[in-house]
Amino acid sequence: MADVGEVLMSVLSTIRVPKPGDRVHKDECALSFSTPESEGGLYVCMNSFLGFGSQYVDRHHARSGQRAYLHITRTRKKEDDSNSGSGHPPKKKPTRLAIGIEGGFDVEQDQYEEDVKVVIWPDRQEVTSEDLATMPDVVRERVSLSMAGIMAADSVSHTLQVQQWDGEVRQESRHAADLKQLENGIKIPPSGWRCEVCDLQENLWMNLTDGKVLCGRRYFDGSGGNNHALLHFQETGYPLAVKLGTITPDGADVYSYDEDDMVLDSKLPEHLSHFGIDMMTMEKTERTMTELEIAVNQRVGEWEVIQESGTTLRPLFGPGLTGMKNLGNSCYLNSVMQVLFTIPDFQNKYVSNIDKIINEAPSDPTQDFKTQVAKLGYGLLSGEYSKPAPDPGDENDISDTFGIYSQKLGDQIGIAPQMFKALVGRGHPEFSTNRQQDAQEFLLHFINMVERNCRSGPNPSEAFRFLVEERIVCQQSQKAKYTQRVDYIVQLPVPMDQATNTEELQEAERRHEEGDSSAPTVRAQIPFTACMAALSEPETLTDFWSSAVQAKTTATKTTRFASFPDYLVIQIKKFTFGLDWVPKKLDVSIDVPDTLDLSALLATGQQPGEELLPEVAPPPLMTPDVEVKAPVLDDSTVSQLCEMGFPLEACRKAVYYTGNTGIDAAMNWIMSHMDDPDFSAPLVLPGCSSGPGTTPTESLSEEHLATIVSMGFSRDQATKALRATSNILDRAVDWIFSHLDDLESMDVSEGGRSAAESEGGRDPPPGPRVRDGPGKYELFAFISHMGTSTMCGHYVCHIKKDQQWVIFNDQKVCASEKPPKDLGYLYFYRRVAE
């Protein structure tokens with residue numbers, strides 16, 4: 001064997017020192033979930049800075065020719081229970097709802113012992129720091145700098161983990177600068193406050209306009225206040241309130257009911273002084289809203305039903321029973337991916353072929369979608385990481401705090417999907433952050449990524465894809481219009497007026513309003529049959545433009561299944577808007593069945609003797625000067641809608657399609673079209689020379705073309721759809737499914753060929769690629785959400801495995817004793833074979 005110094009000299013030119021901007025993967029293998037703490041440690045290529053577990057480093061050497069690797073092994077330090085002799089200060093509990101910020105959750109508190117050495121392939125010759133000291137200067141300096149640079153660099157996964165996220169960042173209220181305060185002589189005493197309506201003595205807010213002291217909102221579990229401060233705002237419009245008991249010389253909790261958020265008030269001392277309050281002498285006696293939220297995240301009582309915290313759950317280990325670490329508000333991703341990898345289509349696409357996928361992976365597999373999805377799937381299904389955690393660890397662990405665990409017993413080693421989360425979230429304004437997200441939105445986002453990355457070969461997202469038929473009947477002419485669109489999720493409405501326990505709800509509400517603290521929390525009981533009836537019943541369209549009568553009239557729209565998917569996803573529409581347009585979550589219990597038969601909702605198509613509406617486009621909204629092509633929209637109405645938080649283009653369409661008839665009509669249009677796939681797409685104006693249909697073929701996105709072709713359409717059909725919708729993919733897909741009859745007989749001469757040449761040279765268009773079969777299903781999984789909004793709270797999922805319900809709560813995987821099937825948010829059904 002050659003002298004180690006000579007070997008190092010021979011590879012010296014390939015050893016690099018990390019520069020700013022280099023991605024250093026020193027915490028996670030690019031192809032597995034091996035880490036420096038794993039058996040065998042992690043090998044970091046000293047040229048590419050990619051990390052590999054012991055099972056993949058030989059492969060990387062053979063493919064890349066690289067020989068020098070930095071071998072990192074890491075073991076957790078043993079801490080003295082008393083901390084008295086360790087010299088380390090006790091760990092602080094978080095006081096700020098933040099990550100990587102003073103007072104927030106510290107993800108760097110775990111301390112490790114590290115062992116580092118250079119290993120030269122193929123003979124695995126080891127070089128320690130002591131060995132380097134005896135080598136020539138040129139070798140010692142280059143290798144030492146590279147080692148030091150790799151160890152000092154923030155790894156990619158670490159950078160993502162400690163990415164600053166601050167749940168307390170607040171904006172200056174637009175009402176603060178010129179807030180009007182009434183000269184009513186009210187002076188607020190320094191203590192002894194009570195709600196002026198119900199005498200409640202906690203959770204009290206003082207309105208900064210008139211000095212009224214009233215109780216705050218009722219929390220989702222029935223605790224908190226009785227909503228009197230909110231009701232006062234609705235009656236008076238006075239927007240700002242300060243939480244009494246949180247006022248200190250440093251500030252206070254200020255809430256803007258108009259802006260529906262915690263805000264900053266730069267003139268708070270002046271506003272408080274108006275009512276006799278001196279900030280400099282006040283002391284905090286109540287927990288701030290942030291402290292309350294942290295406390296909620298560290299206790300289980302309010303959410304114990306969904307997490308089954310009232311019983312001792314039996315931990316499960318083995319293949320398909322692997323937990324996932326919470327990376328800080330990543331439980332939405334964990335729950336969705338756990339469910340998806342119980343579906344054979346995803347298993348076959350990514351896990352069964354993992355050896356082939358890894359062998360075909362590009363030089364940087366951390367940026368390859370197929371590789372990272374396969375890595376995640378194998379990690380979940382193999383059982384290699386489904387082992388008990390060796391050490392309960394720190395009680396202030398970030399995943400515990402955000403995952404809301406009741407205990408650490410039963411936690412797994414599990415997997416930390418850091419590379420996967422970074423890849424699927426890259427470039428997305430929400431999924432690239434550490435904020436909580438909507439699991440339904442992430443599911444659709446991931447399905448969209450699968451669609452874009454499966455242009456050839458099996459596409460597992462087809463398991464969810466189905467066709468929806470919409471039948472619109474003009475009530476004046478009785479003529480009908482049929483359109484089809486593709487969808488992946490059934491959104492089930494919740495008819496609150498169909499609750500079966502109305503008397504109990506009213507009684508509980510009455511007792512809460514009277515300030516009865518012993519009043520029970522009553523959840524509305526909604527029959528699943530009532531939800532299905534609300535889904536299938538005809539919808540009245542009051543502003544429908546009928547091509548038969550050439551005017552706006554009333555129509556009815558009926559929605560049915562044109563095909564039934566292999567796997568059906570049902571979203572319970574728990575998140576809605578109140579009368580004040582404030583988002584809220586419906587606290588409901590729905591008796592979701594284990595089996596489902598949707599056969600009665602199968603579309604029937606055009607009925608015998610039924611006349612169809614003529615295919616004539618509605619006229620554009622024109623000004624009195626008919627030469628002006630662009631419509632004139634009421635800018636004030638558009639602005640009002642935008643201030644409510646709706647997208648600009650959606651606001652423009654709302655004003656356009658309601659004919660400038662005012663804010664109420666436009667708002668009604670928005671609320672009835674929020675689920676449209678093109679809700680935020682640009683307004684397409686009829687008659688404009690730069691509008692749809694004029695996009696030249698050469699400017700069409702090849703990526704969009706390939707996506708539509710992968711769904712079973714021809715390139716000519718995809719081209720026509722994109723040209724008709726200004727090259728907007730979502731609208732093109734919607735358009736193509738609503739023009740299937742036209743596409744099957746269209747003259748395909750737009751791509752440069754004659755119709756005769758086209759017809760003679762290819763088969764008839766295959767149409768949309770959807771699976772179909774009986775509409776009978778059985779429930780196999782559901783995802784539940786806890787909290788008042790999709791932007792906060794926690795997700796867990798329950799999955800039925802071998803006739804046993806299993807709860808996946810991040811790193812905890814246990815046998816479920818009482819699966820709360822009535823409280824789910826997303827339900828997953830699979831087709832029952834007849």
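The values are calculated or read from the model by the stated rules, or taken from the named source; none is laboratory data. Model, not experiment: these values are computed from the prediction. Here the Cβ is made from the backbone with ideal geometry for all residues, glycine too, and neighbour counts use every protein chain on show. Accessible surface is based on the protein model in full, side chains and every heavy atom, while ligands, DNA and RNA are left aside. Shrake-Rupley method; radii C 1.70, N 1.55, O 1.52, S 1.80 Å.
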Karplus (6.51, -1.76, 1.60) ³J(HN,Hα), θ = phi - 60°, over the stretch 243-253, in Hz, Gly and Pro reported as x: 7, 5, x, 10, 7, 9, x, 8, x, 6, 7
Out of residues 5 or more away from L200 or on other chains, whose amide H comes under 5 Å of its own, with H placed 1.01 Å from N in the peptide plane? C195
For K776, the accessible surface traced by a 1.4 Å probe with all protein chains present amounts, in square angstrom to the nearest 10, to 80 Å²
Could you work out the local net charge near F369, counting Lys and Arg as +1, Asp and Glu as -1, over the other residues with Cβ closer than 15 Å to its Cβ? +2
Which order do E308, E539, E259, E702 take by accessible area at a 1.4 Å probe, largest first? E702, E539, E259, E308
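What is the sum of charges, Lys and Arg at +1 and Asp and Glu at -1, for the other residues whose Cβ falls under 12 Å from the Cβ of Q640? Before the final figure, lay out each step's value.
Values: positive: none; negative: D634, D635, E643, D664.
Net charge around Q640: -4.
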Amide hydrogen neighbours beyond the local backbone of E611, cut-off 5 Å, H modeled: A480
In whole Hz, the Karplus estimates of ³J(HN,Hα) for the stretch 417-428 (6.51, -1.76, 1.60; θ = phi - 60°; x where Gly or Pro) are x, 6, 4, 4, 4, 5, 6, 6, x, 4, x, 8
Derived scalar couplings ³J(HN,Hα) [the stretch 4-15; Karplus, 6.51 cos²θ - 1.76 cosθ + 1.60; whole Hz; x for Gly, Pro]: 4, x, 5, 4, 4, 4, 6, 10, 4, 5, 8, 8
With every protein chain in place, the accessible area of V138 for a 1.4 Å probe, in Å² rounded to the nearest 10, comes to 80 Å²
Nearest-10 value in Å² for the accessible area of S48, using the 1.4 Å probe: 40 Å²
For the stretch 423-548, the percent of accessible surface on carbon and sulfur atoms (probe 1.4 angstrom, ligands and nucleic acids excluded) is 45 percent
Could you give the length gained on full extension between E172 and S129, defined as 0.36 nm per residue of separation minus the Cα-Cα distance, in nm? 10.1 nm
Show the residues, 5+ positions off or on another chain, whose built amide H is closer than 5 Å to the amide H of A562. L467, V468, E469, A603
Rounded, prolate or oblate: pick one for the stretch 458-503, where a ≥ b ≥ c are the square roots of the eigenvalues of its C-alpha gyration tensor, a/c under 1.5 means rounded, and failing that, prolate if a/b is larger than b/c, else oblate. oblate
If you take the square roots of the eigenvalues of the alpha-carbon gyration tensor of the stretch 502-558 and sort them as a ≥ b ≥ c, do you get rounded (a/c under 1.5), prolate (a/b over b/c) or oblate? prolate
